[in-house]
DNA sequence: GCTTCTATATTCCATAGTGGAATATTAGTA
DNA sequence: TACTAATATTCCACTATGGAATATAGAAGC
């Protein structure tokens, strides 16, 4: 490779900043360097690639066609550098630290209390938690970037150990303004009459739901919208236009404070399991033992 | 972004070289710098990421866990830099230059002669050609990285104009050692008795072939192997174990020199079209006009 | 046209970083 | 213990970097 002609990453960062902040001076401010330094970095990039990457359009600088390519490269590289740092951070394994990953719904609705309880019970141990998609979490477990995960789907990977955690249920709910509020039990056939807002179709909850519905012969529901967050769906249900299927644990609170109503459906009961997944490396880890202890007690 | 703490790309290149050439001294040789310089670059990377990336195992340097991540990042970044340079090269549009892309089979069997003829007829014009997969070619056309393409499949994109070029045919062939050499016509039903080596299933030829076979009620053939290159397949056919379906234009020569034999099949004739695709920007381009002229004449 | 305003480009300089030559250090090996 | 084949360190000439001050270019007002 043309070692001597490699661009300087700070040149690329400068280009990116100029593009994204709309000017050399502002870019300099963002990068904590002066305006002349930024100008010189743009020059250096031009020279490095042998092309003009930006040109003045009036008093503003615009990317040239080549500039666009380089800018995209800059973004790619800098974004990856960012997530590299993140990954390296996750590699800092320590004896008293557990790197935990959870799915979005679990992170929103179950994790906060768990972490508080844990911190109280084991003040010397630390849990480093983050949310992510099931897929990504699996990868991170498998590649040693995390120690343990709480999931809505059991991963199937030779290096990942799974155990059951909680029984959950997918329930049909509506808001106070909906005609079915307080309706009691409805027949199965009525499901097709309703108007749905659901989590996106690749979420674990949807996988369970779609399979369960298919089992009882319902192939499609009238879905008005697919949304990425449970809380947003709960918001939308308040309007009274729609109903939704949601995991029970995530709406427990709304149900008890009467923010949502659970519509029972004759002959429909969708059970599922929440899972604890971990890597072999955590088998003798004290923090993970303590945390699993706590996970089990909270339910017992 | 942490502008001041960005790694130097040459540090990453050094890391990569050390890993891939198995030593600091050899890496230095590859990069045309001395061994001390390489060592210092490794040091600098360690400092930059705050972690040791390689450590001595005996007299050899091995990547640490963190080192593996950084090495992967280095590869990503440097490889993309490489293809960025390639792309920038393709942006060098000029009046007398045509950036042409062709699929593998066309590039191997039809292009060489076309280019020779063109160079002779229009010594002042230049054609810059490259081979690629249909998918990638379409993208490059659409994003302005190339001007024209010769394809086995017509792209469906609003900015890409297509016109028919040649009629082609997909034919069944075998080598001299095969029992069917010189057999004349065989019945359709015998197709399932043969043993096939075909182009990979996502190639344009296969798309045509699979569709045609399906139309006459043949869902699957006994495929012994899928191979990425027509020439390799022709090699393999010489062994006499297998037969193959191949585009006629790519075996024309082998058929006439008796390197291959075409097995006719009763009631099976698979026609298809080869296409000329180009972007709107080439509409007034002199080189593209001349080239299309030539493409049409060669066929008449 | 002339001035003013705002943004980018240039120049000059102190300083930090780079690569090479020579040399020290380390781990394996006879 | 001496030898060998690696990597690490040191020192130095040289280049590149960023800041302060200053020049220049385009837009807008008069």
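Just to confirm my numbers, what's the Cα centroid distance between region B:217-247 and region B:70-112 in Å?
30
Starting from the Cα of residue B:108, move 7 Å in the Cα-to-Cβ direction to define the label point; list residues of region B:140-173 whose amide nitrogen is under 19 Å from there.
Answer for region B:140-173: B:150-153, B:168-173.
Tell me, B:47, A:230 in order of fewest to most beta-carbon neighbours within 10 Å?
B:47, A:230
Within 10 Å of each Cβ in peptide B:238-244, how many partner chain Cβ atoms are there on average? Round it to a whole number, please.
0
Compute the angle between helix B:111-121 and the longest alpha-carbon principal axis of chain B, please, reported from 0 to 90 degrees and rounded to the nearest 10.
Value to nearest ten degrees: 90.
Per 10 Å bin from zero, what fraction in whole % of the C-alpha pairs of chain B is there, up to the bin with the longest pair?
5, 21, 20, 18, 19, 13, 4, 0
May I ask you to derive the relative contact order of region B:6-52, considering only C-alpha pairs under 8 Å and at least 6 residues apart, and to give it as an integer percent?
39
Report the residue, chosen from A:153, A:81, A:128, that carries the largest GNM mean-square fluctuation when chain A is represented by alpha-carbon nodes joined by springs under 10 Å.
Looking only at A:153, A:81, A:128, the biggest GNM fluctuation is shown by A:81.
Shielding of B:3-11 by partners, i.e. mean partner chain Cβ atoms within 10 Å per residue?
What the average comes to for B:3-11 is 6.
Would you mind telling me which residue in B:144, B:23, B:184 has the biggest mean-square fluctuation in a Gaussian network model of chain B, where springs connect alpha carbons within a distance under 10 angstrom?
Per the Cα network of chain B with a 10 Å cutoff, B:23 tops the list.
In the calculated pair distance distribution of the protein assembly as shown, what percentage of Cα-Cα distances lie above 47 Å?
That fraction is 41 percent.
Considering the Cα positions of region A:167-272, please state its Rg to one decimal place and its Dmax as a whole number of Å.
12.4, 34
Would you list A:82, B:21 from fewest to most Cβ contacts within 10 Å?
Least to most surrounded, the residues fall as A:82, B:21.
In nm, what does the list of distances from residue B:264 to its counterparts in the other copies look like, shortest first, when each label sits 7 Å along Cα to Cβ?
7.7
Going out from 0 in 5 Å bins, what whole percent of all Cα-Cα distances in region B:246-300 drops into each bin?
4, 13, 16, 17, 15, 12, 10, 7, 6, 0
Count, for each residue of B:60-69, the Cβ atoms from other chains sitting within 10 Å of its Cβ, then give me the mean as a whole number.
Across the residues of B:60-69, the mean count of other-chain Cβ atoms within 10 Å is 2.
How would A:145, A:221, A:260 line up from fewest to most surrounding beta-carbon atoms within 10 angstrom?
Exposure proxy ranking, most exposed first: A:221, A:145, A:260.
If you put a point 7 Å past Cα along the Cβ direction, how far is that point for residue B:75 from the same point in each other copy, in nm, smallest first?
2.6
Which order, highest average first, do A:244-257, A:86-99, A:279-292 follow once you tally other Cβ atoms within 10 Å for each residue and take the mean per peptide?
A:244-257, A:279-292, A:86-99
Can you tell me the orientation of helix B:286-297 relative to chain B, as the angle in degrees between its alpha-carbon axis and the longest Cα principal axis, to the nearest 10?
Between helix and principal axis, roughly 30 degrees.
In nm, one decimal, shortest first: how far is the label point of residue A:108 (7 Å from Cα along Cα to beta carbon) from the matching points in the other copies?
Here the equivalent label points are 5.3 nm apart from this one.
Measuring from the lowest to the highest alpha carbon on each principal axis, how far does region A:166-229 reach, largest first, in angstroms?
Cα spread of region A:166-229 along its principal axes, largest to smallest: 29, 28, 27 Å.
Restricting to Cα pairs below 8 Å that are 6+ residues apart, what does the relative contact order work out to for chain A? Please round to a whole percent.
After rounding, I find 21 percent.
Give me the one-decimal Kirkwood hydrodynamic radius in Å for region A:3-90, with the sum taken over alpha-carbon pairs.
13.3
Connecting C-alpha atoms closer than 10 Å in a GNM of chain B, tell me which of B:80, B:271, B:109 has the biggest fluctuation.
For chain B, modelled as a Gaussian network with Cα springs under 10 Å, the answer is B:80.
Mind pulling the angle between the C-alpha long axis of helix A:204-215 and the longest principal axis of chain A? Nearest 10 degrees, somewhere in 0 to 90.
Computed tilt is about 40 degrees.
Calculate the all-directions average of the projected area of region B:53-159's alpha-carbon convex hull, and give it in nm².
Orientation-averaged projected area of the Cα hull: 10.9 nm².
Since every read-out is calculated from the coordinates, none of them should be taken as a lab result. All of these numbers come straight from a predicted model, not from anything done at the bench. Glycine also receives a Cβ, built like all others from the backbone with ideal geometry; neighbour counts cover every protein chain displayed.
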